[in-house]
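Scroll down for the structure; my scribbles are underneath it.
The values are calculated or read from the model by the stated rules, or taken from the named source; none is laboratory data. Computed from a predicted model, the values in this text were never measured in an experiment. Here Cβ is always computed from backbone atoms with ideal geometry, including for glycine, and neighbour counts include all displayed protein chains.
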Amino acid sequence: MVISINIIALRLLDGLIALKEKTLSMVLSCRMFTMNYPLLIEHIIREAKLYRKYLHMLEENGTVGIESMREIECFWNRIMMEHAMFIRGLLDPAEAELIQSADKFAEDYSALLKSCQTAQDKALTAESRAETLKFRDFKTAGTKGIESCKIRSLILPLLADHVLREANHFIRILDR
Ligand SMILES: [Fe+2]
């Protein structure tokens with residue numbers, strides 16, 4: 001039963017990734033226009049590929065292999081950095097304070113990502129965790145502000161919820 005669900009999920013993921021890759025290539029060659037940033041399309045492809053990798057591992061070994069914590073941390077620090085950039089780019093230009101905070105988070109995560117990539121096998125869990133707790137609070141406040149119509153932006157409530165859920169997911173991984 002679980003196996004057949006995984007197989008269906010893998011087939012759907014392959015289709016989703018192919019569709020997003022085609023969309024990205026058409027957008028980048030100006031044969032298509034969408035209101036989504038190309039980086040957002042790349043971001044979704046990155047996340048879908050990670051999910052596909054885990055499903056493959058489950059299908060082949062019955063378990064998800066443990067990658068090095070450093071790799072996982074690098075992956076999620078990049079995802080968090082991109083979230084900060086999307087939030088920044090989708091806020092109304094009048095939301096100066098929020099834009100500043102989002103820029104600061106993007107900068108912090110960019111630094112964390114750099115040290116993560118050069119840290120050999122050492123993970124930087126404590127720093128990533130502290131930053132992500134702050135970012136989670138920022139996203140929580142942002143989601144509430146968007147839902148209650150107090151923040152000016154082009155951010156869909158569902159996107160706000162997505163970025164918040166992923167911050168919680170990253171914190172859960174770092175707490176393990
Ligand atoms: Fe995401």
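Points worth noting:
- Applying the set (1) outside the structural domain of residue 165 (by TED's automatic domain parsing); (2) closer than 30 Å to residue 111 by Cα; (3) assigned to a helix (DSSP H, G or I) to residue 74 leaves exactly one unmet item: (1).
- Hits in the range 52-103 - residues which are modelled with pLDDT under 95, closer than 23 Å to residue 126 by Cα and basic (Lys, Arg): 70
- Restricting attention to the range 58-112, the residues being under 21 Å from residue 168 (Cα atoms) and among the small types (Gly, Ala, Ser) number 7.
- Filtered residue count, the range 20-44, keeping only those that are part of a helix (DSSP H, G or I) and either farther than 25 Å from residue 81 by Cβ or touching a residue at least 24 places away in the same chain (Cβ under 8 Å) (or both): 8
- Matching entry among 16, 10, 98, 55 (being under 18 Å from the mean Cα position of the chain (by Cα) and either outside the structural domain of residue 135 (by TED's automatic domain parsing) or assigned to a helix (DSSP H, G or I) (or both)): 16
- Count of the range 135-176 residues which are without any contact (Cβ under 8 Å) to a residue 12 or more places away in the chain, more than 16 Å from the ligand (Cβ to nearest atom), assigned to a helix (DSSP H, G or I) and under 21 Å from residue 113 (Cβ atoms): 1
- For residue 37: the one exception among (1) exposed (fewer than 15 other Cβ atoms within 10 Å of the Cβ); (2) in contact with a Gly (Cβ under 7 Å, 6 or more places away or on another chain): (1)
- Residue that is under 23 Å from residue 75 (Cβ atoms), modelled with pLDDT of 95 or more and in contact with a Phe, Trp or Tyr (Cβ under 7 Å, 6 or more places away or on another chain), where the choices are 130, 167, 160: 167
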